[in-house]
Each structure stands twice: as C-alpha cells, then as structure tokens.
Amino acid sequence: MRIAEALRVSGIAAVDARVLLRFVLGWGDAHLAARPEQFLTEDQQDRYFSLLERRRAGEPVAYLTGEREFFSLGFRVTPAVLIPRPETELLVELALERIGPEARAQVLDLATGSGCVALAIARHRPRTRVTATDCSREALDVAIENARRLDVANVTFKLSDWFSALEGRKFDLIVSNPPYVADGDPHLDQGDVRFEPKRALIGGADGLDCIRHIVVHARRHFPGGGWLFFEHGYDQGARCRRLLARAGFAGILSRADLAGTERVSGGYAVRA
Ligand SMILES: C[S@@+](CC[C@H](N)C(=O)[O-])C[C@H]1O[C@@H](n2cnc3c(N)ncnc32)[C@H](O)[C@@H]1O
C-alpha cells in the first residue's frame, strides 16, 4: 500500500493518521508530504493498522506514540502521566516572566507528572534550582527519564503528597497543575481523558480540593515572599481568586488562553 492510500483509508482524523504514520516510518512531516507514492513495507503496514485500530478504540495518540511536545520540547509520556496540554504552557510563561535569565531562584513544581512544567522552566532558567514533586512513583520515573533525555540537570525530583516531604523548604516561586476536575464531571467519560490517570484529574466534589490545599499550605514556604501560580478549570477562575484573597495573597491575577478562557491564577505571598 502507498502512503497516500494509507492516509486516505485510516478512518481517523487526518492529523492523527499523519502523526501515527510518521511515527511508524520515523519520518518528519515534510518527508511524509514529499513521498505520497512510496510503498509501505508489510511490517510498516501491520504496525500502522494496529495503531489505527487502537486509536479508533479511543486511545490517545500521545500514548500510542509515547511522545508529546510541550513548550517546544519533546516529552516522553506513558499512561502513568497526564498528556501535557498547550494551555499549561501559560504556567511556564508566568514563571519565566518572574524569574530573570540569570536568577538563582528556588522553584517548586507541585504535581509534576511528565515533568513538563518543571523541565521547561529549568531549561530556560539554567541557574534556577527546580524541585519537582508528585505522589506517583510511576509518574516521577517518567519525569526523571524526560530530564535525562532533555539533558536538564537543575531539577530534583521528590515523591511527596503535596508539601509533606518539603518541610522547612523555602521557595521563590511555586507552580502547579493539580487535579481540578469535579468528581462525576461528564468530561471524565469522554475522549482522551478516559485513558488518563484518575488521580491526575479528579479534585474532589467541586474539583477544588487540591487547589484549596495548595493555596493554604504554600504560604509557609515563602518566608521571603514569593509567587504562586496554578492551573484550574475553565469556570474556576473567580473561585480561585477568592481562595487566594482569603489566604492573604496580594497581586492576585488570572491569565486566559488564546480562546479567552481563564486557565491559570496566582498571587504574591508577601514576606512573612
Ligand atoms: C493534572 S496532572 C499534571 C501533570 C503535569 N504537571 C502536567 O501539567 O502535565 C496532576 C498530577 O498531580 C499528581 N497528584 C495527585 N494527587 C497528588 C498529591 N496528593 N500530591 C502530589 N501530587 C499529586 C498526579 O499524580 C498527577 O501527576
């Protein structure tokens, strides 16, 4: 079978079929576009059709290829970690805006998953020391592998239930993309999300359990003052700002994604 036909008969979204075929062939997009008449070998055809079948059954493309791009860096992903989302890049942008290129800041990424946020910050701020935590050993193993593959040495990984293993640690900036979907939310039964780890997604009855915990406990890790930024659901911005205000944060703000939806909120904890 030729490449053009393999793409035509995929039975899945064209963009996904191209990613899967590129993955099987080990080619870039331009290479694929330039050779529509080339024949697939029998082995390539078998592997491609088996991936198509799994995609038709709903498996996310990122789990099928084991990779996803985030902040222009390639990350390895497995079903042990959330698939990095474009909107989470806002967290990295907010962090980089507050840490100068030469700053020797101490940064904490709570709930690091694949390590995408921690590693993107560390890569762009090589003098900064980043601590990245998660309560999942399997997720941390993926994050550690990503640090090795991206050759990032200024991140330390730690198994921790939120702040439990961070007693006495001080930070200049804390970022987190915690679980924030409400238990029972119908989105949990739709699309790629069905295949992602539940403990990466669900944040209690109203989705805000983890965020409440982070907002309340972050302050004692900022004795010299510092910024906290976290991602939240599309309709949680106002509630998050109220939580931050109640916990005494100043300079409270929310940032929207390109579609105008508030995705990240945060504030400054003044010097204790
Ligand atoms: C939404 S995912 C975020 C992963 C990654 N930071 C990203 O943006 O792609 C949330 C992460 O929180 C972790 N998590 C859930 N409960 C936790 C807890 N009690 N303490 C630490 N991490 C937790 C999950 O294992 C998961 O990796």
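The values are calculated or read from the model by the stated rules, or taken from the named source; none is laboratory data. The structure presented is a predicted model; accordingly, all values stated were derived computationally and were not measured. Positions of Cβ are generated from backbone atoms using ideal geometry, with glycine treated the same way; all protein chains shown enter the neighbour counts.
When the stretch 182-205 is filtered for residues that are surrounded by 14 or more Cβ atoms within 10 Å (Cβ to Cβ) and not in a helix (DSSP H, G or I), the ones remaining, listed by number, are 182, 183, 185, 196, 197, 201, 202, 203, 204. Of the residues making up the stretch 227-272, those that are basic (Lys, Arg) and not in a strand (DSSP E or B) are 239, 241, 242, 246, 271.
Residue 28: surrounded by fewer than 17 Cβ atoms within 10 Å (Cβ to Cβ), at positive phi and more than 16 Å from the ligand (Cβ to nearest atom), yes or no? Here the answer is no, as residue 28 does not meet what is asked.
Name the residue that is farthest from the chain's Cα centre (by Cα), counting only residues in the stretch 134-180 that are assigned to a strand (DSSP E or B) and surrounded by 19 or more Cβ atoms within 10 Å (Cβ to Cβ). Give the steps one after another, and end with the answer.
Start the filter on the stretch 134-180 by keeping residues that are assigned to a strand (DSSP E or B), which leaves 134, 155-159, 173-176.
Narrowing the set further to residues that are surrounded by 19 or more Cβ atoms within 10 Å (Cβ to Cβ) leaves 134, 155, 157, 173-176.
Values: 134: 12, 155: 16, 157: 16, 173: 18, 174: 15, 175: 12, 176: 10 Å.
For the stretch 134-180, the residue satisfying everything is 173.
Of all the criteria given as (1) out of contact with any strand residue (DSSP E or B) (no Cβ under 7 Å at 6 or more places or on another chain); (2) under 26 Å from residue 96 (Cα atoms); (3) of a type in the set (Val, Ile, Thr), the one not satisfied by residue 211 is (1). Restricting attention to the stretch 249-260 and to residues that are modelled with pLDDT of 95 or more and surrounded by 13 or more Cβ atoms within 10 Å (Cβ to Cβ), the residue that is farthest from the chain's Cα centre (by Cα) turns out to be 249. Here 153, 139 are screened, and the one residue that is of a type in the set (Gly, Ala, Ser) and within 15 Å of the ligand (Cβ to nearest atom) is 139.
Checking each residue in the stretch 49-90 for being over 18 Å from residue 18 (Cβ atoms) and of a type in the set (S, T, N, Q) picks out 72, 78, 88. Among the residues here, residue 224 does not qualify as within 20 Å of residue 92 (Cα to Cα), assigned to a loop (DSSP other than H, G, I, E, B) and assigned by TED's automatic domain parsing to the domain that holds residue 170.
Confirm whether residue 50 is among the small types (Gly, Ala, Ser) and closer than 28 Å to residue 259 by Cβ.
When the stated conditions are applied, residue 50 does not pass them.
The set of residues in the stretch 28-45 that are modelled with pLDDT under 95 and either out of contact with any Lys or Arg (no Cβ under 8 Å at 6 or more places or on another chain) or in a helix (DSSP H, G or I) (or both) comprises 29, 30, 31, 32, 33, 34, 35. Residues in the stretch 171-207 that are near the ligand (Cβ under 9 Å from one of its atoms) and either among the basic types (Lys, Arg) or over 20 Å from residue 117 (Cβ atoms) (or both): 199 alone.
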